[in-house]
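Peer 1: What follows is a single structure, and I will ask about it in a moment.
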């Protein structure tokens, strides 16, 4: 069984070749801005970030317990010390300590300079001011030293670094109030097709609701992107060309859906060739073959297929890494796993396929995957039920139950347990 797409007069571009062409074409935006830390989630650093303080700034307790001096310990013997006060988080003990004395201390509270150890509160017995320590008391533990996490002036992050929520916490702990980042990537999206109708309007025969713009806006919900929804454009080559040229003037990336195939009303590729440049068109993948990539002026252009599953797949594997490159962020390779397929899969030679699957893991840590349902590129139900792609290479044919396959998790979904 041969994929009809393998009978093209010109060999189709592989996904790796397409990614190489995208990588060679795209240049990151250069404009930068300095912004407050609270606005920096998802933004890409362009300048190194350094610690303003030692973190932690004081020696402090890692546990609730009692702080003492190791010299007061009686090796191999239980002993008692006089508790003379308390150090609270944010309210240090300010008295002068003598030999034979200890203090109550709480997690994060400053350790007085005379003391060097903390014992957990569960390990001591208290009777009035007397605190009784066990025979096997360990010294110089449960103490956080000054600058243990990061020293003042220490490098926190080198660019390019896309800042996560954890990164913001680390920067804040080091006293950083603002960072220098690349400006936001400006993205324009619109759908094409006379059959598309806005939500809330009645459907006539042959019409469908436009789901792709809602889908794309969700996929593009990244703090580093500013998305302009340009609506639905009819299958009118003059209107489409004018819309392309206008959108390219003030956006870094343009993403369209529909009109990228070879039908009589599919104008995207020829318009792109006329008003810009076509880098490639048509890929050896399924779904997602009719994809156009190019440039109009300084704006990168992605003409995605019209079927919604093809939009998701091509976004994940081509548009997403391209946007990362535009933003200046590092582009990572998808994590993959090998799993035992538990359902037969139909596949013909000619294109690399991304079938939607449900990945599970048993109590022994073994991975298993099954088809999530019908694989048509118009069927979103099986896409919604999936948590992974089953990646079947170009030369692969039908998969039998029990065969090993490569799977790649869909970001933001959870692994299921058998």
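A short reminder: the numbers here are calculations on the coordinates, not readings from a lab. A quick note: this is a predicted structure, and the numbers were derived from the prediction, not measured. In this analysis, Cβ positions are derived from the backbone assuming ideal geometry, glycine residues included, and neighbour counts consider all displayed protein chains.
Peer 1: Only bridges with both residues in the chain count here: give the DSSP antiparallel percent, nearest 5.
Peer 2: The antiparallel proportion sits near 65 percent.
Peer 1: Something else: If I fit a long axis through the Cα atoms of helix 15-25 and take the longest principal axis of the Cα atoms of the chain, what angle between them do I get, 0 to 90°, rounded to 10?
Peer 2: 80
Peer 1: May I pose another question? What is the Cα radius of gyration of the chain over 2.2 N^0.38 Å, N being its residue count?
Peer 2: 1.39
Peer 1: Using only the alpha carbons of segment 60-144, determine the length spanned along each of the three principal axes and report them from longest to shortest in whole angstroms.
Peer 2: 34, 22, 21
Peer 1: I need the calculated FRET efficiency for the pair residue 273 and residue 148, taking r as the beta carbon distance and R₀ as 60 Å, to the nearest 0.05.
Peer 2: Computed FRET efficiency for residue 273 and residue 148: 0.50.
Peer 1: On a full-extension model of 0.36 nm per residue, what is the gain between residue 298 and residue 31, subtracting their alpha-carbon distance, rounded to one decimal in nm?
Peer 2: That pair, residue 298 and residue 31, stretches by 94.7 nm at full extension.
Peer 1: When ranked by the protection proxy of mean other Cβ atoms within 10 Å per residue, highest first, what sequence do the peptides 205-213, 101-109, 310-318 form?
Peer 2: My ranking of the peptides, most packed first, is 310-318, 101-109, 205-213.
Peer 1: Still on this structure, please answer the following. I'm checking a number: the convex hull volume of the Cα atoms of segment 165-205, normalised per residue, in Å³. What is it?
Peer 2: 148
Peer 1: Fully extended, how many nm does the chain gain between residue 177 and residue 400 (0.36 nm per residue separation, minus their Cα-Cα distance)?
Peer 2: Taking 0.36 nm per residue and subtracting the Cα distance, the gain is 74.6 nm.
Peer 1: Using only DSSP helix segments of four residues or longer, with each worth -39500 (n - 2.57), what per-residue ellipticity at 222 nm results for the chain after dividing by its residue count and rounding to 500?
Peer 2: Estimated from H runs of four or more residues: -4500 deg cm²/dmol.
Peer 1: How many times 2.2 N^0.38 Å is the alpha carbon radius of gyration of segment 250-380?
Peer 2: 1.23
Peer 1: Here's something else I'd like to know. State whether segment 265-337 is rounded, prolate or oblate according to the following rule on the C-alpha gyration tensor (a ≥ b ≥ c being the square roots of its eigenvalues): a/c under 1.5 gives rounded; otherwise a/b larger than b/c gives prolate, and the remaining case gives oblate.
Peer 2: oblate
Peer 1: OK, next. Roughly how tilted is helix 237-248, in degrees to the nearest 10 and between 0 and 90, from the longest Cα axis of the chain?
Peer 2: 20
Peer 1: A follow-up question, please. Among 392, 129, 219, whose mean-square fluctuation peaks in a Gaussian network model of the chain (Cα, cutoff 10 Å)?
Peer 2: 129
Peer 1: A further question on this structure: When a/c is below 1.5 the answer is rounded, else prolate if a/b is larger than b/c, else oblate, so apply that to segment 31-82 with a ≥ b ≥ c taken from the square roots of the Cα gyration tensor eigenvalues.
Peer 2: It comes out prolate by the Cα gyration axes.
Peer 1: Measure out, as a whole number of angstrom, how far apart the alpha-carbon centroids of segment 27-55 and segment 82-127 sit.
Peer 2: If we compute the Cα centre of each part, the gap is 39 Å.
Peer 1: To check you understand DSSP bridge types, tell me what percent of the beta bridges within segment 1-145 (both residues inside) are antiparallel, rounded to 5.
Peer 2: Of those bridges, close to 80 percent are antiparallel.
Peer 1: Also, quick follow-up: How big is the Rg/Rh ratio for segment 174-273, C-alpha atoms only, Rh by Kirkwood, two decimals?
Peer 2: Reported Rg/Rh, Kirkwood definition of Rh: 1.10.
Peer 1: Still on this model: What distance in nm separates the simple spin-label points at residue 91 and residue 242, each placed 7 Å from Cα in the Cβ direction?
Peer 2: For residue 91 paired with residue 242, the spin-label model returns 7.2 nm.
Peer 1: Where does segment 336-417 land on the Kirkwood hydrodynamic radius, alpha-carbon pairs, in angstrom?
Peer 2: Here the Kirkwood hydrodynamic radius works out to 12.6 Å.
Peer 1: Shifting gears a bit: Could you tell me how far the Cα centroid of segment 328-396 sits from the Cα centroid of segment 208-287, in Å?
Peer 2: If we compute the Cα centre of each part, the gap is 27 Å.
Peer 1: Using only the Cα atoms, work out Rg/Rh for segment 1-145, with Rh taken as the Kirkwood radius, to two decimals.
Peer 2: Rg/Rh: 1.47.
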